[in-house]
Amino acid sequence: QVQLVESGGGLVQPGGSLKLSCVVSATTFSVRTWGWYRQAPGKQRELVATTASAGTTNYADSVKGRFSISRDNTKMTVYLQMKDLKPEDTAVYYCNKVAGIWTDPRPYGVWGQGTQVTVSS
């Protein structure tokens, strides 16, 4: 069964930076598209960034130019570098696969514990 372990969150001031990591235990890691999702209080979980096996990346408009997703297939780890953070980026961040399209990403049914990112002065 796949396991997803996110880390790297914390409290940061507006304009600050954080780098999230997600260690994945999945034999199919290198061939899959992986994404970072986030869920803010009272809101639905949303996809914010994806990294495909071929290296292409995509971002939600709200984070484009500020967030950068990357992967290390040898470590089975997905990263999310976040810069110029805003209060509206406050959320629990999760990683999971992306097996569908942006509006219907079809993640695994299993989720990690997530990592809390709080942007506040």
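If you add up the charges near Ala54, with Lys and Arg at +1 and Asp and Glu at -1, over every other residue whose beta carbon is less than 14 angstrom from its beta carbon, what do you get?
Once all neighbours under 14 Å are counted, the net charge is +2.
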(request) Could you work out the longest stretch of the chain that avoids the trypsin sites (Lys or Arg not before Pro) located in DSSP loops with at most 14 other Cβ atoms within 10 Å? (result) 1-42
(message) 7 Å from Cα along Cα→Cβ at both Glu88 and Lys19: what's the point-to-point distance in nm?
(response) 2.7
(request) Provide the percentage of antiparallel DSSP beta bridges, counting only those with both residues in segment 5-121; round to the nearest 5. (result) 90
(message) Taking the full set of protein chains and a 1.4 angstrom probe, give the accessible area of Val31 in square angstrom, rounded to the nearest 10.
(response) 100
(request) Using the heavy atoms of the protein chains and a 1.4 angstrom probe, tell me the accessible area per residue for segment 1-94 in square angstrom. (result) 51
(request) Quick one: Debye curve from the alpha-carbon atoms of segment 53-97 only, equal weights, vacuum; give me log10 I(q)/I(0) at q = 0.23, 0.27 Å⁻¹ to two decimals. (result) -0.96, -1.20
(message) Given a Förster distance of 25 Å, report the FRET efficiency between Gln113 and Ala54 from their Cβ-Cβ distance, rounded to the nearest 0.05.
(response) 0.25
(request) May I have the extent of the alpha carbons of the chain along their three principal axes, as whole Å values ordered from largest to smallest? (result) 41, 26, 25
(request) Write down the Kirkwood hydrodynamic radius of segment 72-112, to one decimal in angstroms, obtained as one divided by the mean of 1/r over all alpha carbon pairs. (result) 12.6
(message) Mean-square fluctuation check for the chain, GNM, Cα pairs under 10 Å: which of Val98, Val48, Val63 is largest?
(response) Val63
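Tally up the carbon and sulfur contribution to the accessible surface of the chain as a whole percent, 1.4 Å probe, everything protein left in place.
Details: 3070 of 6320 Å².
With neighbouring chains kept in place, the figure for the chain is 49 percent.
The values are calculated or read from the model by the stated rules, or taken from the named source; none is laboratory data. Remember, it's a predicted structure, so these values are computed and weren't measured experimentally. Ideal geometry is used to build each Cβ from the backbone, glycine not excepted, and the neighbour counts take in all protein chains shown. Protein only, heavy atoms only, side chains kept; ligands, DNA and RNA dropped before computing areas. Shrake-Rupley method; radii C 1.70, N 1.55, O 1.52, S 1.80 Å.
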